[in-house]
Amino acid sequence: MDISGKVALITGSSKRIGRETAVELARRGANVAIHYRSDEAGARETQRLAIEAGGKAEVFHAELTNASDVEAMFVDLEKKLGGLDILVNNASVFDQAVLEESTPELWDAQMNSNARAPFFIAQRAAPLLNRRGHGKIVNLVDVAGEIVWPGYFAYSVSKAALIAINRGLAKALAPTIQVNGIAPGPVLFPEYYSADQKHLAVERTLLKRAGSARDIVNAVVFLIENDYITGEVIHVDGGRHLM
């Protein structure tokens, strides 16, 4: 797929990896739909950077766990951008809790944001992608969904569910739409991470260094441009999944 001229929706693109992805796709000539939940100022900054990079950019607000919000976003997107070629399911929540601390409320919040929302967003996007005669969906998963981090129990399970969703969507939406996942490693740390936590995360990689948002964005571009990969999860984690 040639990214130039395509319409791409990136959820959670008001900051971090979502912002970097939106700006890079705009730089390559895409018309980007910038989604945010609460950070409108951040989304507007992403829009400014995307336009400055040479693309067209529109901002859309939605609580992705709310079905009516998602529907309104897609109706508005189609009205403003005319359709959809690329979906990047980037938005997620990342809450720490061991087994004993995991509550039903925490469990539901992780599952709803990290698994349920990407599934129903892909379901809603599929007719638009099919209408183009092609489509790419990229899901941001996590190695935690494969090895399970005891300190992030519910989060890990939600990402395991997303990995299963990734595979299921690849089967359900073939051959028109390709669906793949990316599992980032220590790239952009949570703001609350201490120096010791960052050091430990890096030490758990084979490469013994942190990655960058650019590493993830490069993988997103690769999956969009490659037309013969589907159902895969690419680890961009410095070998973390092997440790």
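Brief remarks follow.
- Verdict on His241 being in a strand (DSSP E or B) and closer than 18 Å to Val143 by Cα: no
- Number of the exception - Gly238 against (1) over 27 Å from Asp2 (Cβ atoms); (2) surrounded by fewer than 19 Cβ atoms within 10 Å (Cβ to Cβ): (2)
- For region 107-159, filtered to residues that are closer than 20 Å to Ser13 by Cβ and among the β-branched types (Val, Ile, Thr), the residue that is surrounded by the fewest Cβ atoms within 10 Å (Cβ to Cβ) is Ile121.
- Residue match in region 176-185 (condition: modelled with pLDDT of 95 or more, over 24 Å from Val23 (Cβ atoms) and surrounded by fewer than 16 Cβ atoms within 10 Å (Cβ to Cβ)): yes
- Those residues of region 202-223 which are in contact with a helix residue (DSSP H, G or I) (Cβ under 8 Å, 6 or more places away or on another chain) and surrounded by 14 or more Cβ atoms within 10 Å (Cβ to Cβ), in sequence order: Arg204, Thr205, Ala210, Ala213, Ile216, Val217, Val220, Val221
- Residues in region 172-215 that are without any contact (Cβ under 8 Å) to a residue 12 or more places away in the chain, assigned to a loop (DSSP other than H, G, I, E, B) and in contact with a strand residue (DSSP E or B) (Cβ under 9 Å, 6 or more places away or on another chain): none.
The values are calculated or read from the model by the stated rules, or taken from the named source; none is laboratory data. On a predicted model such as this, the values are computed, not experimentally measured, just so you know. Methodologically, a virtual Cβ is constructed for each residue, glycine included, from the backbone with ideal geometry; neighbour enumeration extends over all protein chains shown.
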